[in-house]
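Below is one structure; the comments refer to it alone.
The values are calculated or read from the model by the stated rules, or taken from the named source; none is laboratory data. Since this is a predicted model, take the numbers as computed values, not measurements. Cβ placement follows ideal geometry from the backbone for every residue including glycine, while neighbour counts extend to all protein chains displayed. Ligands, DNA and RNA are stripped out before the accessible areas are found, and what is left, the full protein with its side chains, is counted by its heavy atoms. Shrake-Rupley method; radii C 1.70, N 1.55, O 1.52, S 1.80 Å.
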Amino acid sequence: MEETVAVLGAGTMGRGIAQVAAAAGHPVLLYDPHPAALESALADIQAGLEKRQPAALGRIQPTQALEACAQAGLVIEAAPEELALKQELLARLGALNPQSLLASNTSTLSISAIAARVPDPSRVLGLHFFNPAPRMRLVEVIGGLETDPALLEKASQLMRRWGKEPIRVKDAPGFLVNRVARPFYGEALRLHAEGVPKEHIDWIMRGLGFPMGPFELMDLIGLDVNLAASSSVYQGFFGEPRYQPHYLQQQKVAAGHLGRKSGVGWYRYPPGPPPTPTPPNPRTDHPLPLILGPNPLAAALRARFPHAENPAEAAFVLDCRVKPERKHSLPEPLPVVTLVWGHSVSRLQAEHKGPLAGFSLVPPIGERAIVELYAPLSGPNPALALAQSYFEAQGHLCLLLPDQPGGVGFRILALLINEAISALAEGLASPAEIDRAMRLGTGYPLGPLEWAERIWLKPVLRALEGLHEELGEARYRPHPLLRRMVAAGLEDFRNLFPKEKDKEAV
Ligand code: NAD
């Protein structure tokens with residue numbers, strides 16, 4: 001007989017967690033003070049279990065009496081996001097049963113704070129499920145300052161038995177996934193405020209392999225829920241500027257534009273976000289570029305696309321180098337299309353006499369990759385037309401975007417990488433777990449750290465340095481760990497010292 005699990009709160013998350021626990025064979029007590037919540041929860045759970053595990057429904061017992069939950073060996077609290085309420089619920093259950101394990105599904109509150117009023121805080125932990133709980137496999141298993149490490153191991157094993165993928169994370173604002181994902185929204189909002197259409201940002205991120213673009217995803221999550229997560233991480237870090245929420249999002253929430261649930265958010269529903277335009281048909285009549293640069297982007301372009309082997313054959317130059325200082329020695333008088341990861345096009349214009357345009361494309365280059373093209377402030381010129389003709393001939397959609405440093409896809413990715421490195425440096429989780437959590441929790445095509453390894457750490461660092469210099473904001477400052485790794489010639493996060501197993505010996 002499996003031990004009884006009590007779930008406190010029968011809302012969106014509580015009902016999903018109750019369903020998962022019952023499906024895993026546990027008798028479940030589902031507590032909620034509001035009878036209507038219990039009623040709709042049972043209807044939802046029934047719909048969820050009906051086809052696959054009808055017997056599991058019989059294992060769920062709804063209750064409006066908290067005392068009834070005293071018999072549970074494991075309590076998972078999924079009540080509203082209020083510290084005092086969560087403290088009280090767990091303190092009361094802790095007093096009713098001195099043996100039970102007490103878990104909170106909080107998204108934003110500190111586990112150490114929630115545990116503070118429980119007589120024995122060593123038995124309190126975070127079990128952070130993702131919405132919808134029956135479908136999302138990731139669970140962040142969070143230890144507070146006082147949590148018994150053996151309990152975290154036990155909880156991780158239990159989550160595996162429930163068919164979940166547990167990831168051990170330290171107690172820090174936003175834990176791991178919600179924190180590392182912040183730039184996906186925050187940087188997209190800034191780019192939009194700088195004049196990039198939201199549809200373009202969504203199409204570009206899908207083209208990179210993300211299941212959804214930031215704006216359509218905010219509409220799905222709910223702009224209010226997303227703003228609350230951003231605000232809580234920002235406050236949790238005492239106003240650290242890189243987490244600062246954007247006024248555009250606040251404005252939408254204030255207007256009641258909450259996303260799909262209110263019928264309007266960034267898009268209107270129906271019809272919802274416009275689909276990505278069909279890419280052009282490949283052609284063979286196109287100008288050939290000379291591709292410059294040693295990095296994986298240059299290598300990927302050379303491997304994938306036809307190109308000139310020497311300047312005499314080339315119609316233009318595709319310069320994939322990142323540092324602007326490296327770009328003084330361009331083979332004039334060919335038109336130049338330069339990678340914008342570390343600077344805007346306009347920044348190079350004064351030093352370059354011939355036609356100049358910018359581009360960005362992030363490896364690995366998939367079939368649906370969208371090429372971002374940038375003209376200098378002086379306007380379109382032959383370099384831009386050559387780039388467009390070339391990339392369209394390869395069957396890739398091109399979008400002409402307002403000049404800014406970084407490009408859309410790369411700027412968002414670079415900040416995700418920088419944030420993942422900061423989480424790693426703070427010891428929130430191991431490199432492999434950070435990547436696994438981001439893939440499972442958010443559906444990213446690659447974890448941010450493995451992505452950094454694929455495009456090399458040095459170009460990421462040089463690009464962040466360029467963004468920091470040109471945009472002048474602290475949010476682009478490369479993390480010191482990234483600087484140290486590049487200075488030491490390291491390209492692989494998995495070989496960093498100390499490794500998990502070495503930590504005890506240090
Ligand atoms: P919700 O509003 O859908 O559900 C909360 C439930 O708690 C409601 O049914 C409400 O009746 C009940 N409740 C009210 N007072 C209570 C009390 N005193 N004791 C017990 N239950 C009470 O909220 P939700 O989205 O399910 O979120 C619950 C928790 O899960 C929050 O801590 C939230 O941060 C966290 N969380 C939410 C998500 C998400 O995507 N919604 C994801 C992960 C974690």
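Numbers for the structure displayed
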read-out	value
Residue 387 in contact (Cβ under 8 Å) with a residue 40 or more places away in the chain, crowded, with 24+ Cβ neighbours inside 10 Å, part of a helix (DSSP H, G or I) and aliphatic (A, V, I, L, M)	yes
Meets criteria (at pLDDT below 95 and either farther than 26 Å from residue 191 by Cβ or assigned to a helix (DSSP H, G or I) (or both)) for residue 484	no
Of the criteria (1) surrounded by 19 or more Cβ atoms within 10 Å (Cβ to Cβ); (2) assigned to a helix (DSSP H, G or I); (3) small (Gly, Ala, Ser), which one residue 303 fails	(1)
Residue pairs meeting the criteria (Cβ under 7 Å; at least 6 apart or on separate chains; first more than 21 Å from residue 308 (Cβ to Cβ), in the range 325-352; second modelled with pLDDT under 80)	348/327; 351/328
Any pair with Cβ under 9 angstrom, 6 or more apart, that starts in the range 102-125 at a residue that is touching a residue at least 24 places away in the same chain (Cβ under 8 Å) and among the acidic types (Asp, Glu) and ends at one that is in a helix (DSSP H, G or I) and within 16 Å of the ligand (Cβ to nearest atom)	120/94
Residue match in the range 83-94 (condition: within 14 Å of the ligand (Cβ to nearest atom), closer than 25 Å to residue 116 by Cβ and in contact (Cβ under 8 Å) with a residue 40 or more places away in the chain)	yes
Residues of the range 352-372 satisfying the condition of being among the aliphatic types (A, V, I, L, M) and in a strand (DSSP E or B)	356, 357, 371
Test for residue 454: is it touching a residue at least 12 places away in the same chain (Cβ under 8 Å), crowded, with 17+ Cβ neighbours inside 10 Å, more than 24 Å from residue 129 (Cβ to Cβ) and of a type outside the set (A, V, I, L, M, F, W, C)	no
Residue ID - nearest to residue 101 (Cα to Cα), chosen from residues in the range 52-78 that are away from the ligand (no atom under 16 Å from the Cβ) and out of contact with any helix residue (DSSP H, G or I) (no Cβ under 8 Å at 6 or more places or on another chain)	73
Qualifying residue in the range 121-134 (condition: at pLDDT below 95, within 16 Å of the ligand (Cβ to nearest atom), open to solvent by 50 Å² or more (accessible area, probe 1.4 Å) and outside any helix (DSSP H, G or I))	yes
Scan of the range 27-51 for residues that are in contact with a Lys or Arg (Cβ under 7 Å, 6 or more places away or on another chain) and either more than 16 Å from the ligand (Cβ to nearest atom) or within 14 Å of residue 6 (Cα to Cα) (or both), ordered by number	27, 28
Options 116, 22; residue that is away from the ligand (no atom under 16 Å from the Cβ), in a helix (DSSP H, G or I) and open to solvent by less than 20 Å² (accessible area, probe 1.4 Å)	22
